[in-house]
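Everything on this sheet refers to the single structure shown next.
The values are calculated or read from the model by the stated rules, or taken from the named source; none is laboratory data. Predicted model only: the values in this text are computed from it and were never measured. Note that each Cβ is placed from the backbone with ideal geometry, even for glycine, and that neighbours are counted across all protein chains shown. For the accessible areas, the whole protein counts, side chains as well, though only heavy atoms, and no ligand, DNA or RNA atoms are used. Shrake-Rupley method; radii C 1.70, N 1.55, O 1.52, S 1.80 Å.
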Amino acid sequence: MQTSRLKNIRNNDRLIYGRGCLSMLGDIIKDKRELNNKYVVYVIDDYFINKPLVAKLPIESNDQIHYVDVNQYEPKTEQIDNLRDTILQKSGLPAIIVGIGGGSAMDIAKATSVMLTNPGPSSDYQGLNLAKIPGVYSIGIPTVSGTGAECSTTAVLTGPIKKLGIKCDYTPFNQIVLDPDLIATVPKNQWFYTGMDTFIHDMESSSGMFYNTFSAAYGDQSIELCYDVFLREGCGQNEINDEKLMVASLFGGLSLTYSEVGVCHALSYGLSYVFGTRHGYANCLAFNHLEEYYGNAVSDFKKMVELHDIDLPQNQSENWTEDEIHRMAEISYNLPHMWHHALGPDWENKISIPQIMDLFRRM
Ligand code: NAD
Ligand code: ZN
């Protein structure tokens, strides 16, 4: 591995995994509750309003619950700033922040944890190691599996000028609670789109110049689990596969931590920025047309789409203007770390904005 790629990564401090482990949350937070103003903030995907999960949480009278609607748009810097201000105005600095949901709710919790202690707008912290003050103790509880947000070092935000994560030592959750029971209700299309985020993370991680033994160890196992969940005999949404998908997501995230995403994510970011297309779905739209970069993985992906009867529309680009395609290509091109990983240090000689526009026209 090149020394320039060495990273001293901060991981989750603690992890609990297994069916029913959500019931341990009360014990997990008991001591930490004494920090700061001695209360807990729950950031919960609003899918769970009036669902049994909330009654299982160890909520006390002075705790705050903030339900987040993640369907309108992906997490925004402005949304984080408003949430931070609301929390602080109401009760001052909390002891703990708990994020419960898919990648969106978890990223909102991760970003808010950092922004509760670091001054100014969160858009100032989009980038690498820009936050200097440790955040509030954070706990992540995934209810959709695939993004790897539970373990990643970034909280992805769309800001006034870019979609880029707050990526620093204080971003990863201190504790994660991986309870496969919690993903049982995810609708099939969503299960697939977010699950494929992991599959694509693994494929991108492994097909670029920053791939290494650490990434391979996690990534190879994650790929095996994805094939069990999505393609092999016995595949589909069931208890065993939920357990596997939850671990695949974690391992896919860990594989990426020491490698990088590639062409598919660069295109996906363009789609999300210009049209607000959801991350997992945008990845699927792009990956479907990337045989020349990801070979057999794309033919396997197509088989999985068919096997599970997933909605994946074609010819989307017929509805896009040249200006929109150009804007998406610019956003994609301006992710040099992804192109560098996928195509090598001389990536600028191998891909251009007109060529990226052609990739978008295939979709
Ligand atoms: P999501 O969090 O956007 O949720 C998708 C849908 O599933 C929503 O409608 C939500 O209400 C619903 N939902 C959540 N849990 C459910 C459950 N148990 N049952 C039924 N419905 C449920 O989806 P996602 O794909 O997990 O996350 C996408 C987000 O993650 C994007 O904002 C993307 O940028 C981010 N992301 C972050 C990282 C990272 O490393 N931080 C990596 C990849 C993606
Ligand atoms: Zn992703």
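Applying the selection to segment 63-79, what residues are within 16 Å of ligand 2 (Cβ to nearest atom) and charged (D, E, K, R)? Of everything in segment 63-79, just one residue is within 16 Å of ligand 2 (Cβ to nearest atom) and charged (D, E, K, R), namely E74.
Return the residue satisfying two criteria in turn: it lies in segment 157-192 and is of a type in the set (V, I, T) and modelled with pLDDT of 95 or more, and of such residues it is farthest from D124 (Cα to Cα). Before you say what the answer is, go through the steps one by one.
The first filter runs over segment 157-192 and keeps only residues of a type in the set (V, I, T), leaving 158, 161, 166, 171, 176-177, 183, 185-186.
Then keep just the ones that are modelled with pLDDT of 95 or more; that gives 166, 171, 176-177, 183, 185-186.
Details: I166: 9, T171: 15, I176: 27, V177: 30, I183: 34, T185: 37, V186: 34 Å.
Only one residue tops the list, namely T185.
G195 meets each of the listed conditions (1) more than 15 Å from the chain's Cα centre (by Cα); (2) within 11 Å of ligand 1 (Cβ to nearest atom); (3) not aliphatic (A, V, I, L, M) apart from (1).
The set of residues in segment 254-276 being under 22 Å from I176 (Cβ atoms) and either away from ligand 2 (no atom under 16 Å from the Cβ) or in contact with a Phe, Trp or Tyr (Cβ under 8 Å, 6 or more places away or on another chain) (or both) consists of L254, S255, Y258, S259. When residues in segment 262-277 are screened for being surrounded by 24 or more Cβ atoms within 10 Å (Cβ to Cβ) and either in contact (Cβ under 8 Å) with a residue 24 or more places away in the chain or in a loop (DSSP other than H, G, I, E, B) (or both), 9 of them pass. In segment 6-17, the residues that are open to solvent by less than 90 Å² (accessible area, probe 1.4 Å) form Cβ pairs under 7 Å with partners that are of a type in the set (D, E) and assigned to a loop (DSSP other than H, G, I, E, B), at six or more places apart or across chains, as follows: R10/D169.
Quick grid of which residues meet (1) modelled with pLDDT under 95; (2) among the small types (G, A, S); (3) under 16 Å from the mean Cα position of the chain (by Cα); (4) assigned to a helix (DSSP H, G or I):
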{"residue": "P58", "(1), (2), (3), (4)": "no, no, no, no"}
{"residue": "H66", "(1), (2), (3), (4)": "no, no, no, no"}
{"residue": "D81", "(1), (2), (3), (4)": "no, no, no, yes"}
{"residue": "S104", "(1), (2), (3), (4)": "no, yes, yes, yes"}
{"residue": "S113", "(1), (2), (3), (4)": "no, yes, no, yes"}
{"residue": "P119", "(1), (2), (3), (4)": "no, no, no, no"}
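Against the criterion of being within 25 Å of I29 (Cα to Cα), crowded, with 24+ Cβ neighbours inside 10 Å, within 12 Å of ligand 1 (Cβ to nearest atom) and polar (S, T, N, Q), S113 does not qualify.
Somewhere in segment 219-230, is a residue part of a helix (DSSP H, G or I), open to solvent by less than 40 Å² (accessible area, probe 1.4 Å), aromatic (F, W, Y) and modelled with pLDDT of 95 or more? Yes, some residue in segment 219-230 is part of a helix (DSSP H, G or I), open to solvent by less than 40 Å² (accessible area, probe 1.4 Å), aromatic (F, W, Y) and modelled with pLDDT of 95 or more.
How many residues does segment 205-215 contain that are within 13 Å of T257 (Cβ to Cβ) and part of a helix (DSSP H, G or I)?
Initial filter on segment 205-215 (within 13 Å of T257 (Cβ to Cβ)): 205, 210-212, 214-215.
Right, trim to part of a helix (DSSP H, G or I) and you get 205, 214-215.
Qualifying residue count, segment 205-215: 3.
Would a scan of segment 287-306 turn up a residue that is assigned by TED's automatic domain parsing to the domain that holds E204, closer than 27 Å to C151 by Cβ, open to solvent by less than 10 Å² (accessible area, probe 1.4 Å) and within 16 Å of ligand 1 (Cβ to nearest atom)? Yes, segment 287-306 has at least one match. If we scan segment 342-349, do we find a residue that is open to solvent by less than 20 Å² (accessible area, probe 1.4 Å), in contact (Cβ under 8 Å) with a residue 60 or more places away in the chain and over 21 Å from the mean Cα position of the chain (by Cα)? Within segment 342-349 (the criterion being open to solvent by less than 20 Å² (accessible area, probe 1.4 Å), in contact (Cβ under 8 Å) with a residue 60 or more places away in the chain and over 21 Å from the mean Cα position of the chain (by Cα)), the answer is yes, since at least one residue qualifies. Among the residues of segment 223-231, is there at least one that is touching a Ser or Thr at 6+ places or on another chain (Cβ under 9 Å) and among the hydroxyl-bearing types (S, T, Y)? No - not one qualifying residue is present in segment 223-231.
The condition (being open to solvent by less than 30 Å² (accessible area, probe 1.4 Å), touching a residue at least 12 places away in the same chain (Cβ under 8 Å) and more than 14 Å from ligand 2 (Cβ to nearest atom)) is satisfied by just one residue among G159, G165, G146: G159. Got at least one residue in segment 99-110 being at positive phi and either hydroxyl-bearing (S, T, Y) or open to solvent by 10 Å² or more (accessible area, probe 1.4 Å) (or both)? No, there is no match, as no residue in segment 99-110 is at positive phi and either hydroxyl-bearing (S, T, Y) or open to solvent by 10 Å² or more (accessible area, probe 1.4 Å) (or both). Per the conditions (1) under 13 Å from the mean Cα position of the chain (by Cα); (2) not assigned by TED's automatic domain parsing to the domain that holds L57, the sole criterion not satisfied by T154 is (2).
Among the residues of this structure, G195 does not count as one that is within 16 Å of ligand 2 (Cβ to nearest atom), assigned to a loop (DSSP other than H, G, I, E, B), small (G, A, S) and touching a helix residue (DSSP H, G or I) at 6+ places or on another chain (Cβ under 8 Å).
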